[in-house]
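K.L.:
The structure's right below; bear with me while I get my questions together.
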Amino acid sequence: MKLMKGIFAVVLAGLLAACDSEQNYHHSVYMLVDTSGTYSKQVGKAQNVVNYLLGTLQPGDSLAVARVKSRSFTERDIVAKVSLNSDPLQVNSQKRAFAEKINEFAKTQQSGKGSRYTDISGGIIQAAEFLRETGAGRKTIIIFSDMQEELDYKTVRDFPIQLDGIRIIALNVTKLDTDNIDPRRYMDRLEWWEERALAAGASDWKVVNDMEHLDRIFAKRG
């Protein structure tokens, strides 16, 4: 009897290890899209990124897209989210439905007015929570923004955040008029975000403005 229990324990441990190994292969991506001020007009480019991601993600992977506005630490700002099924036919259907939601979101943003403030930090905290809950081995936050955070006087974000093991990609970081006058403002802004992300435990920080070669950033797996 003891022998059988021992064998069962070994087999169970092996199965659990296999499940963990499979789960750790999955990739979970959370994309934050800045909808504040004039940057909201860039949402068409963000839509192209989403379409690219949908083409690269595999069964078991997860994707969420959320807006960044005056206060962004809420699930209500998630525009669309999906965990891809293991059935390829269902995956294609899931991707089509996701793309349709993003298309509607893009139309709404391009015809509307951007939010007054930009709560990037709140969006990042919400993103990290989502990614941890997926249990994926690879976790990525994409921030589609000029990275200029502007908070109202009531919003509190000056505290440590947890980004352990999460890769951060700042995408399409457009330059402000003030950056053109003094480029140091742009460089200092990105340096501040990099230091904050790495201090919070992020596994990597990248700034990417070349929208023509997204494959160099997202295609690699494992």
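K.L.:
Which angle between 0 and 90 degrees, to the nearest 10, do you get for helix 183-199 versus the longest principal axis of the chain when only C-alpha atoms count?
P.N.:
Taking Cα atoms only, the helix is inclined about 20 degrees.
K.L.:
So who's got an amide H within less than 5 Å of the one on VAL79, skipping anything under 5 residues away but keeping other chains? H placed 1.01 Å off N, in plane.
P.N.:
The list, which skips near neighbours in sequence, is VAL65, ALA66, ARG67.
K.L.:
Please tell me the relative contact order of region 127-189 in percent, rounded to the nearest whole number, where contacts are Cα pairs under 8 Å and at least six residues apart. It would help to have the intermediate numbers written out before the result.
P.N.:
Numbers: 51 pairs, mean separation 25.0, N = 63.
It comes to 40 percent, rounded to a whole number.
K.L.:
In debye, nearest 20, what is the charge dipole magnitude of region 69-117 about its Cα centre with +1 on Lys and Arg Cβ and -1 on Asp and Glu Cβ, if you could check?
P.N.:
320
K.L.:
Ok, one more. Farthest toward the dipole's positive end in the chain, which of SER145, ALA97, SER70, given Cβ charges of +1 (Lys, Arg) and -1 (Asp, Glu) about the Cα centre?
P.N.:
ALA97
K.L.:
For region 38-71 and region 128-183, what is the separation of their C-alpha centers, rounded to whole Å?
P.N.:
Rounded to whole Å, the Cα centres lie 14 Å apart.
K.L.:
How high is the relative contact order of region 17-170, in percent, counting Cα pairs under 8 Å that sit 6 or more residues apart?
P.N.:
On the way: 278 pairs, mean separation 52.9, N = 154.
For region 17-170, the relative contact order is 34 percent.
K.L.:
5 Å is the cut-off here: which amide hydrogens, built 1.01 Å from N in the peptide plane, fall below it relative to HIS26, excluding neighbours closer than 5 in sequence?
P.N.:
GLY137, ARG138
K.L.:
Quote the charge dipole size of region 25-218 about the Cα centre in Debye, to the nearest 20; the model charges only the Cβ of Lys and Arg (+1) and of Asp and Glu (-1).
P.N.:
480
K.L.:
Let me ask something additional. Which of the pairs LYS45/LYS69; LYS41/LYS95; LYS41/LYS206; LYS107/LYS206 have their Cα atoms more than 26 Å apart in this structure?
P.N.:
Long pairs (Cα-Cα over 26 Å): LYS107/LYS206.
K.L.:
Under a point spin-label approximation (7 Å from Cα along Cα-to-Cβ), what is the ALA97-GLU195 distance to one decimal in nm?
P.N.:
4.5
K.L.:
On to the next question. Over all alpha-carbon pairs in region 25-218, figure out the percentage whose distance exceeds 31 Å. Walk me through the numbers on the way to the answer.
P.N.:
Numbers: 2335 of 18721 pairs.
The share of Cα pairs beyond 31 Å in region 25-218 comes to 12 percent.
K.L.:
On a 0 to 90 degree scale, rounded to 10, what angle separates helix 120-134 from the longest Cα axis of the chain?
P.N.:
The two axes meet at around 10 degrees.
K.L.:
Quick query: amide H of TRP205 versus all other amide H atoms, modeled in the peptide plane; which residues come in under 5 Å with a sequence gap of 5 or more or a different chain?
P.N.:
Here ILE168 satisfy the definition.
K.L.:
Same structure again: With both bridge residues required to lie in the chain, what share of the DSSP beta bridges run antiparallel, to the nearest 5%?
P.N.:
Roughly 20 percent of the DSSP beta bridges within the chain come out antiparallel.
K.L.:
Apply the Karplus parameterisation 6.51 cos²θ - 1.76 cosθ + 1.60, with θ equal to phi minus 60°, to every residue of region 170-179 and state each ³J(HN,Hα) to the nearest whole Hz, in sequence, with x for glycine and proline.
P.N.:
Values per residue, Gly and Pro as x: 8, 10, 6, 7, 5, 8, 7, 4, 5, 5 Hz.
K.L.:
Let me ask you something else. Among GLN42, ASN85, HIS213, which residue has its Cα furthest toward the positive end of the charge dipole of the chain, with +1 on Lys/Arg Cβ and -1 on Asp/Glu Cβ?
P.N.:
ASN85
K.L.:
Counting other Cβ atoms within 10 Å, keep those with at most 13, restrict to DSSP loop, and tell me which chymotrypsin sites (Phe, Trp or Tyr not before Pro) in region 128-164 are left.
P.N.:
TYR153
No value in this document is a laboratory result; all are computed from the given coordinates. Every value quoted in this text rests on a predicted model; they were computed, and no experiment measured them. Every residue, glycine among them, receives a Cβ derived from its backbone with ideal geometry; neighbour counts consider all protein chains shown.
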